[in-house]
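Chemist: Following this message is one structure expressed as structure tokens.
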Amino acid sequence: MVSIGRSEDGVLPFSLSSSQIRGCLVKLGTSLNQALKNHSYPPLIQQLMGELMALGVMLASTIKYEGKLTLQTNSDGLVKVMLVDITSAGLIRGYASFDKRSEKDFIFDQDSQHISIVEIMGNGHIAFTVDQGAEMERFQGIVSLEGDTLSSCARHYFMQSEQIETDIFLTAGYYKGIIRSGGLMLQRMPDSQNKDGVMKPSQPIGGSVRQKEGLSNFEEDWNRATILMNSVKNRELLDPKIDAQSIVYRLFHLDGVRGYPEREIRFGCHCSRERVIATLSNFSQVEISNMFVDGKITVKCQFCNSEESFTQQSIDASILN
Ligand SMILES: [Zn+2]
């Protein structure tokens, strides 16, 4: 087995000083591999999970929250459900459920730039939920799975739900035998949102800030920034030796790019025996009795595949009393 080093996974938020454009760059390797390691997903699902995790990290970096952000697809194609969640502390996990009988149909195209989701996901929707605990209101946005790629679904989401023009580049694939993913996002912020303190000012990356004469031509700046963003190479996003700052500087140094504190992303599953007990205690005694197979109840975490088993004795001790 190929060993994976310390987490180089993270998200670098940035803004372009020449206009009201903010963005972020995500690179995932270790966390993605840890999320996948206890599952035997076909390579195409691994790639799709890589893209969805990168997208989840991007969404999480655009909002302020204390709790958990969940990105979930439900669809009627070969892939039924994909779910990624990321806590405000930067812990990410995910799982996919798919039609195992159709595994041969998950054709992996090593050379593909982006994964076409139409054939493998079919019709469905993608939901974005922020859960900040019992006392806070849950926020949810849903859009149908439209367009050919996850990036186009996300662009559609931001336009429909937030009225924010957004461009997203996502990629996932094997780099030197290890699956990795990454992405870049740019958002054109309305005046008020650019000043709401979502991001703390930081240092210019590389120190070069272009001074523009007079007011920026926002349209022109946006078009140029998106062209530059889409010129990013897959290898740059997948190679762990190329750091986020270097890529962002290479692409946007003429646009006065400013970096904000980079956030580390790690794999983390918050399942526990206590949580399973809390879930089981919602069932009636009869329902619990019907869950026994060969004298025990086994509950498997769909994220990390760890198992919790209960005998009649442990159920009696922890739930029924
Ligand atoms: Zn777990």
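Chemist: Is it the case that Ile242 is in a helix (DSSP H, G or I), away from the ligand (no atom under 16 Å from the Cβ) and out of contact with any Ser or Thr (no Cβ under 9 Å at 6 or more places or on another chain)? Talk me through it step by step, then tell me what you get.
Modeler: Working: in a helix (DSSP H, G or I): no; away from the ligand (no atom under 16 Å from the Cβ): yes; out of contact with any Ser or Thr (no Cβ under 9 Å at 6 or more places or on another chain): yes.
For Ile242, the condition - in a helix (DSSP H, G or I), away from the ligand (no atom under 16 Å from the Cβ) and out of contact with any Ser or Thr (no Cβ under 9 Å at 6 or more places or on another chain) - is not met.
Chemist: Picking from Gly77, Gly29, which residue would you name as being touching a Gly at 6+ places or on another chain (Cβ under 8 Å) and touching a residue at least 24 places away in the same chain (Cβ under 8 Å)?
Modeler: Checking each option against the conditions leaves just Gly77.
Chemist: Output the residue which, of all residues in region 146-171 that are among the aliphatic types (A, V, I, L, M) and surrounded by 21 or more Cβ atoms within 10 Å (Cβ to Cβ), is farthest from Glu236 (Cα to Cα). So that I can check it myself, show each step before the final result.
Modeler: Filtering region 146-171 for residues among the aliphatic types (A, V, I, L, M) gives 150, 154, 159, 164, 168, 170.
Narrowing the set further to residues that are surrounded by 21 or more Cβ atoms within 10 Å (Cβ to Cβ) leaves 150, 154, 168, 170.
On the way: Leu150: 20, Ala154: 22, Ile168: 16, Leu170: 12 Å.
Once the filter is applied, the top-ranked residue is Ala154.
Chemist: Moving on. If you go through region 223-232 one residue at a time, how many are surrounded by 18 or more Cβ atoms within 10 Å (Cβ to Cβ) and not in a helix (DSSP H, G or I)?
Modeler: Total meeting the criteria: 1.
Chemist: Could you tell me whether Leu254 is under 17 Å from Ala317 (Cα atoms) and either within 16 Å of the ligand (Cβ to nearest atom) or over 26 Å from the mean Cα position of the chain (by Cα) (or both)?
Modeler: no
Chemist: Still on this structure, I have one more. If you check Arg266 against the conditions, is it within 16 Å of the ligand (Cβ to nearest atom) and either at pLDDT 90 or above or of a type in the set (Ser, Thr, Tyr) (or both)?
Modeler: Yes: the conditions hold for Arg266.
Chemist: I'd like to check something: does region 285-294 contain any residue that is within 16 Å of the ligand (Cβ to nearest atom), polar (S, T, N, Q) and either at pLDDT 90 or above or within 21 Å of His39 (Cα to Cα) (or both)?
Modeler: Taking every residue of region 285-294 in turn, none turns out to be within 16 Å of the ligand (Cβ to nearest atom), polar (S, T, N, Q) and either at pLDDT 90 or above or within 21 Å of His39 (Cα to Cα) (or both).
Chemist: Could you tell me whether Gly183 is of a type in the set (Gly, Ala, Ser) and outside any strand (DSSP E or B)?
Modeler: So Gly183 fails the test.
Chemist: Any residue in region 233-249 that's touching a residue at least 40 places away in the same chain (Cβ under 8 Å) and surrounded by fewer than 16 Cβ atoms within 10 Å (Cβ to Cβ): show its pairings with residues that are of a type in the set (Val, Ile, Thr) and assigned to a loop (DSSP other than H, G, I, E, B) at Cβ separation under 8 Å, as long as the two are six or more apart or on different chains.
Modeler: Final answer for the pair search is Arg235/Ile242.
Chemist: Could you look through region 299-313, keep only residues that are without any contact (Cβ under 8 Å) to a residue 24 or more places away in the chain and either touching a Phe, Trp or Tyr at 6+ places or on another chain (Cβ under 7 Å) or over 28 Å from Asp85 (Cβ atoms) (or both), and pick out the one that is nearest to the ligand (Cβ to nearest atom)?
Modeler: Restricting attention to region 299-313, the residues satisfying the condition of being without any contact (Cβ under 8 Å) to a residue 24 or more places away in the chain are 299-300, 307, 309, 311-313.
Subsequent filtering for residues that are either touching a Phe, Trp or Tyr at 6+ places or on another chain (Cβ under 7 Å) or over 28 Å from Asp85 (Cβ atoms) (or both) retains 311-313.
Details: Thr311: 21, Gln312: 24, Gln313: 24 Å.
Checked region 299-313; the qualifying residue nearest to the ligand (Cβ to nearest atom) is Thr311.
Chemist: So how many residues does region 289-318 have that are among the aliphatic types (A, V, I, L, M) and either within 35 Å of the chain's Cα centre (by Cα) or under 30 Å from Val11 (Cα atoms) (or both)?
Modeler: 3
The values are calculated or read from the model by the stated rules, or taken from the named source; none is laboratory data. Since the structure is predicted, the reported quantities are computational estimates derived from the model, not experimental observations. FYI the Cβ positions are ideal-geometry reconstructions off the backbone, even for glycines, and counts take in every protein chain you see.
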